1. Fewest first, what order do B:201, A:232 take by the number of other Cβ atoms within 10 Å?
2. How many nm separate the modelled label positions at residue A:216 and residue B:34, each set 7 Å beyond the Cα in the direction of the Cβ?
3. Using a 10 Å cut-off around each Cβ, can you sort A:229, B:142 from fewest to most neighbouring Cβ atoms?
4. Given contacts defined as C-alpha pairs under 8 Å and at least six residues apart, what's the relative contact order of the stretch A:1-131, whole-number percent?
5. Summarise the partner chain shielding of B:73-85 as one whole number: the mean count of Cβ atoms from other chains within 10 Å of each residue's Cβ.
6. Below 8 Å between Cα atoms, with a sequence gap of 6+, how large is the relative contact order for chain A in percent?
7. If you take each beta carbon of peptide B:55-66 and count the beta carbons of other chains within 10 angstrom, what is the mean?
8. Go through A:87-96, A:102-111, A:192-201 and give me the packing order, highest mean Cβ count within 10 Å leading.
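The numbers here are math on the coordinates, done by the rules we state, and not lab data. All figures in this text were calculated on a predicted structure; none of them were measured in a lab. Using ideal geometry, Cβ is built from the backbone for each residue, glycine included, and neighbour counts are taken over all protein chains shown.
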């Protein structure tokens, strides 16, 4: 019987060792695998390369792994919301590679689907394209970007079954399906585990073939970065 | 008098057309959404993976799973769809977004734009800006015409790191509306109390005055 469900976040990350590359889902603090991140802080692997759109805030999300100095290198599109990040970057402790957001997403997708590289018009003529091969297709100048794969993908989904079929919720999907595909081992943290057969097959976002471990998160803070509201009329 | 921030946004809203799929840069969305012409249906794209998001939620109804690209809580509308970041940027890069409206620190005579590196601050990264300017069918910049210190922002050549090369088609500022064309920057509209000479003095490249030059109406 296929059963990818593991008992705890600690068990799910038990074999994540020093020096590995992690692909971590989420946009800002939305759709991040917060329980897996806590488990990584507890386990303590060092010298991590982390591919993630952002790097959390000082006291939540990937920022927690910065505070413990577990991250050696970040590959991100925007890293603005974090004082520890800036400090470690300026001191040379932390290395950062900036990618345009869509390029980062496509590099992960390419990694997951067996495309080694692709040309994109994004960033042509900018600092982020320096040193990269360029060409022209149909009069359009483009930049060669390589795929990204990783040792582990740490992702967050809303609902799963024991096969690892996943459904995300609203804008918490973002980079999660892409990280899932590009990780050699994909660990999915979910809010709900349902019986096999309960997910509508037409509505599965990430088929279980991409997912190796499923863990139900113990506690979800789901912090909001910018709480914006309107007055009731 | 020049346009205030609200009036710049109102002028930008005049660029909307029925049925447009529109991406609004961080900071602009909520302001602009209030000025959609009556009866017009447009769909707002948020690059973190939403088409058709709505206003901010009522207090107590915020959903951590439902934020826009500025990481602000928003709401769902009838007709909203969600998707992953690759598909979202596929919409942008694939030329499916009709219009992107963004802020900028500098724009130059060729329509190149610099808007992701703030001088003297840590480089935080472009987020989705490089993809948007490279991919959207039409890119419009809204910004103040000069910096707080009175320095020009519309230049012969940007001196800050570029976000995109030759991508901007129209610049809407508190002084003027300027089109980027193959023959140069064309002044098409101006704030009522300014003259074309006033605007030229605040602009580095030589402006071509449109024969149809008129006052901005908002």
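1. Fewest-to-most ranking of B:201, A:232: A:232, B:201.
2. Those two pseudo-labels are separated by 4.5 nm.
3. The order, fewest Cβ neighbours first, is A:229, B:142.
4. 17 percent
5. For this peptide, the per-residue mean of nearby foreign Cβ atoms is 5.
6. The value is 24 percent.
7. Neighbouring Cβ atoms belonging to other protein chains average 6 per residue here.
8. Ranking the peptides A:87-96, A:102-111, A:192-201 by packing returns A:102-111, A:87-96, A:192-201.
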